[in-house]
1. At 25 °C and 0.890 mPa s, grab the translational diffusion coefficient of the chain from Stokes-Einstein with a Kirkwood Rh over Cα pairs, rounded to a whole number in µm² per second.
2. Write out the trypsin sites (Lys or Arg not before Pro) in segment 1-94 meeting two conditions: DSSP loop, and at most 10 other Cβ atoms within 10 Å of their Cβ.
3. Under 11 Å from a point 7 Å along the Cα-to-Cβ line of residue 2: which residues of segment 17-59 have their amide N that close?
4. Which order results if 58, 36 are arranged by neighbouring Cβ count within 10 Å, fewest first?
5. Compute the long axis of helix 16-43 from its Cα atoms, compare it with the longest principal axis of the Cα atoms of the chain, and write down the angle in degrees, 0 to 90, nearest 10.
6. Measuring from label point to label point, each 7 Å out along Cα→Cβ, what is the residue 95 to residue 59 span in nm?
7. Before anything else, pin down the relative contact order of the chain: Cα pairs under 8 Å, at least 6 apart, normalised by residue count, whole percent.
8. Quick one: helix 64-77 against the long Cα principal axis of the chain, what's the angle to the nearest 10°, folded into 0 to 90?
Amino acid sequence: MNFWEKLKQRWEVENNWQIFWILVTFAVTGSTVARLSKYIFPYLGVTEESSFWYLAFLWIFVMTPIYMVLIIIFGTIFGQKRFFLKHQKKMLSRFKFWKS
């Protein structure tokens, strides 16, 4: 079994196009969050002198929720809403926010 077949099985998707759109969604969402951080962080007091721990706090508690919302939005746009809702539910259950 090759890499793509294993990925289809693990993600429970039917074809390679679904994998393509899922990967596009991850890429677009990650790029969008990275770009948004450049606009959001200055409003939250981030400067060149900001500590690593403050930045880590902001990434975890500000940017992660933004990422989670955007991945559902982009997943819907790219036709993979069902996959990303399931993905979010699984991720939230690991954090004990959601029981699966």
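Here, each number is a calculation from the coordinates, and none is a lab measurement. This is a predicted model, so every value here is computed, not measured. Reconstructed Cβ throughout: ideal geometry from the backbone, glycine too, with neighbour counts over all protein chains shown.
1. Details: Rh = 15.2 Å.
After rounding, the answer is 161 µm²/s.
2. Working: sites: 6, 8, 10, 35, 38, 81, 82, 86, 89, 90, 94; in loops: none.
Sparse-neighbourhood loop trypsin sites (Lys or Arg not before Pro): none present.
3. It comes to no residues whatsoever.
4. Values: 58 18, 36 15.
Ascending Cβ contact count within 10 Å gives the list 36, 58.
5. 10 degrees
6. 1.5 nm
7. On the way: 46 pairs, mean separation 28.4, N = 100.
Reported relative contact order: 28 percent.
8. So the helix axis and the longest Cα principal axis differ by about 40 degrees.
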